[in-house]
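Data block below; observations after.
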Amino acid sequence: MKKILAVVGSYRKGKTIDTLVDKAIEGAKSMGDTQIDKINLIDQSIQYCKNCMVCLQDDPDKPLADCVISDDMDTLHQLVDQADAYIFGTPVNMGAVTAVMKTFLERICWIHAKPGRYPIKGCPTPRSGRKKQAIIIVSSGAVPTYLRMFCDDATSCIKSTVKCSLNASVIGSMYAGGIHTRELDGFSGKAYELGRKLMRY
Ligand SMILES: Cc1cc2nc3c(=O)[nH]c(=O)nc-3n(C[C@H](O)[C@H](O)[C@H](O)COP(=O)(O)O)c2cc1C
């Protein structure tokens, strides 16, 4: 049975990203038996990474590096590690992921990765040898979808973290653009289809 972890980086429950992630979950469930855990990062107590480098220098053969901080990430690291696939959702704030999503990704980085050799010696490479998949859902308030290429650093930030730390390739993404003046319903179908696609791999 495929285990999916959905991570919501919105500050608002029941709004754009929360709703679109639920649609993707609905799509995934429509494809068959799956276990899906959904985390709203706003509910979690997640401290900032301290850049102490303890994780970076930990034994590269361990499945997960140790972290000096003890908080809700203790449980989240286990969920992240056990998942076969991921749904990441975040609003685009100031062109990038939200602060809670960035905090989460920074804490993920060297716990799930070890120093590698590509593209430069010392860059993170996944500790896990298990190939995984991910989909990414982002939304913007003002920027319409056709201008995504100029105003979306969120997708590339998540994409590089899941590749370098989680051994996951992004098999699809969407940008719900200009949602302050658009109906959310217009984006629901795409989110649902992405959820279905995640189950096909
Ligand atoms: C601090 C902040 C910065 C934002 N920056 C942008 C931005 O750069 N471009 C944009 O189109 N919308 C921006 N927005 C609007 C959010 O992207 C929009 O409200 C969000 O996608 C809604 O998601 P939610 O309903 O899940 O909260 C910003 C919102 C906040 C609070």
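No value in this document is a laboratory result; all are computed from the given coordinates. In this text, all values refer to a predicted model and were calculated from it rather than measured experimentally. Here Cβ is always computed from backbone atoms with ideal geometry, including for glycine, and neighbour counts include all displayed protein chains.
Structure notes:
- Compared with the dominant Cα axis of the chain, that is its longest principal axis, helix 16-29 is turned about 80°.
- Fully extending the segment from MET53 to TYR118 would add 21.4 nm, taking 0.36 nm per residue of separation and subtracting the current Cα-Cα distance.
- Partner aspartates and glutamates for LYS2 [C-alpha distance under 12 Å; skip if fewer than 8 residues away on the same chain]: ASP33, ASP37, ASP84
- Rounded tilt (10° steps) of 185-200 against the dominant C-alpha axis of the chain: 40 degrees
- Compared with the alpha-carbon gap, the fully stretched path from TYR146 to ARG196 is longer by 15.6 nm at 0.36 nm per residue.
- Within the straight-line cut-off of under 13 Å between alpha carbons, the aspartates and glutamates reachable from LYS38 are ASP18, ASP22, GLU26, sequence neighbours fewer than 8 places apart in one chain being disregarded.
- Computed from the C-beta positions of HIS180 and GLN44 and an R0 of 41 Å, the FRET efficiency is 0.95 to the nearest 0.05.
- Our estimate of slack between MET94 and LYS62, defined as 0.36 nm per intervening residue step minus the Cα-Cα distance, is 7.9 nm.
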